[in-house]
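The values are calculated or read from the model by the stated rules, or taken from the named source; none is laboratory data. Owing to the predicted nature of the structure, the values given are computational and were not obtained by experimental measurement. Positions of Cβ are generated from backbone atoms using ideal geometry, with glycine treated the same way; all protein chains shown enter the neighbour counts.
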Amino acid sequence: MTLQAEARDLVAVASDPEGREIQLSTPAAGAWVRMRDAAAASGVELVAISGFRSVARQSEIIRGKLAAGETMDAVLATMAAPGYSEHHTGRAIDIGCPGIEPLTEGFERSGAFLWLQAHAHEHGFRISYPRGNAHGIAYEPWHWCFAPG
């Protein structure tokens, strides 16, 4: 994994259930809206679950997991260390869909995931953590990153 710069140019693309803005970098936000709308035109609903996350917030989440009794090895198997998360760039988005528990492997059995596999690349998105990925991060079918080109 490489050190990731923290985004500064952010745009709100949705709100989470607690009312907090879900933000992406301006280019990623535009691509997300186009992709979400293309999916909707195909009868598929894509829901933004999480976007930009600061280094400080990443640290806070890890401290919470450690305080709850998880080991550092277990935590780092499911999320990047502060400074190394694609979420810091504002280009990563966690995607869900109605009827599937968010941030679970169950997402891979959804029509939304199948649509993403077939079409996300057309909008500049790629899955970051497929099974057996080189980063050693657990499989995350919901985590997609805007990386055009």
Give all pairs with beta carbons closer than 6 Å in which a residue from the range 20-47 that is over 17 Å from F107 (Cβ atoms) and modelled with pLDDT of 95 or more meets a residue that is surrounded by 21 or more Cβ atoms within 10 Å (Cβ to Cβ) and charged (D, E, K, R); count only pairs at least 6 apart in sequence or on separate chains.
S25/R91; A28/R91
Go through P98, P27 for me and flag whichever is touching a strand residue (DSSP E or B) at 6+ places or on another chain (Cβ under 8 Å) and more than 20 Å from F146 (Cα to Cα).
P98
Filter the range 47-89 down to the residues that are basic (K, R) and in a helix (DSSP H, G or I) and list them by number.
R57, R63, K65
Against the definition (modelled with pLDDT of 95 or more, surrounded by 18 or more Cβ atoms within 10 Å (Cβ to Cβ) and in a helix (DSSP H, G or I)), how does I93 come out, yes or no?
no
Considering the range 62-85 alone, what residues qualify as being out of contact with any helix residue (DSSP H, G or I) (no Cβ under 6 Å at 6 or more places or on another chain), surrounded by 15 or more Cβ atoms within 10 Å (Cβ to Cβ) and hydrophobic (A, V, I, L, M, F, W, C)?
L76, M79, A80, A81
